[in-house]
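Q: One structure, pasted below without further comment.
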Amino acid sequence: VQLQASGGGSVWTGNSLRLSCIASGGTFSRYSVSWFRQAPGKERAFVAGIKWNATTLYSDSVKGRFTISRDKVKSTLFLQMSSLQIEGTAVYYCAAGTPILSSFRSPTSYVYWGQGTLVTVSS
């Protein structure tokens, strides 16, 4: 499976942005899919994910502001980000895999990764 992330850009605090991740070369609907982000000098961190049964999970830092969704027909994953904060500045990666619940938020549980898209939030 190949993943192609897009939609990053530069925004002001409080603004919104929508990221997309298009999958090709595999059966996208079989996988759990998630978004991670990596800020400068920090480790890659879980942002939001959709399990194979459509259950969604969010990190505490984005809950209520970000919404993850997927279009299985178009093999596309989305991340709608609202009320962006300075701390949201990072490279955002989409990922696909078959993680078990206990390790759903761990980057090592995912096999397929997009190339990342940069989001810069300024005040």
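Q: Between Y31 and residues 5 or more places away or on another chain, which pairs have amide H atoms under 5 Å apart, with H built 1.01 Å from N, and which residues are they?
A: none
Q: A further question follows. What percent does the relative contact order of the stretch 71-123 come to when contacts are Cα pairs within less than 8 Å and at least six residues apart?
A: On the way: 55 pairs, mean separation 22.8, N = 53.
For the stretch 71-123, the relative contact order is 43 percent.
Q: Enumerate the whole-percent occupancy of each 10 Å bin, from 0 to the last occupied one, for all C-alpha pair distances of the chain.
A: 15, 51, 30, 5, 0
Q: Kindly write out, for the stretch 41-57 in residue order, the coupling ³J(HN,Hα) from the Karplus curve 6.51 cos²θ - 1.76 cosθ + 1.60 (θ = phi - 60°), rounded to whole Hz, with x marking Gly and Pro.
A: With coefficients 6.51, -1.76 and 1.60, one gets x, 10, 7, 5, 10, 5, 10, 7, x, 10, 6, 4, 8, 6, 5, 9, 10 Hz.
Q: Would you please give the FRET efficiency between S59 and T120, computed as 1/(1 + (r/R0)^6) with r the Cβ-Cβ distance and R0 = 22 Å, to the nearest 0.05?
A: The formula returns an efficiency of 0.70 here.
Q: Relative contact order (percent) for the stretch 7-123, with alpha-carbon contacts under 8 angstrom and 6 or more residues of separation? Walk me through the intermediate numbers first.
A: Numbers: 251 pairs, mean separation 41.1, N = 117.
Relative contact order of the stretch 7-123: 35 percent.
Q: On to the next question. Whole-Å semi-axes of the stretch 12-81's equivalent ellipsoid, largest first, each the root of 5 times a Cα gyration tensor eigenvalue?
A: 22, 13, 13
Q: Normalised by the number of residues in the stretch 1-62, what is the relative contact order in percent for Cα pairs under 8 Å and 6+ residues apart?
A: 24
Bear in mind these aren't lab numbers, they're just calculated from the coordinates by the rules spelled out. Because the structure is predicted, anything quoted here is derived from the model rather than measured. All Cβ positions, even for glycine, are placed from backbone atoms using ideal geometry, and neighbour counts span all protein chains on display.
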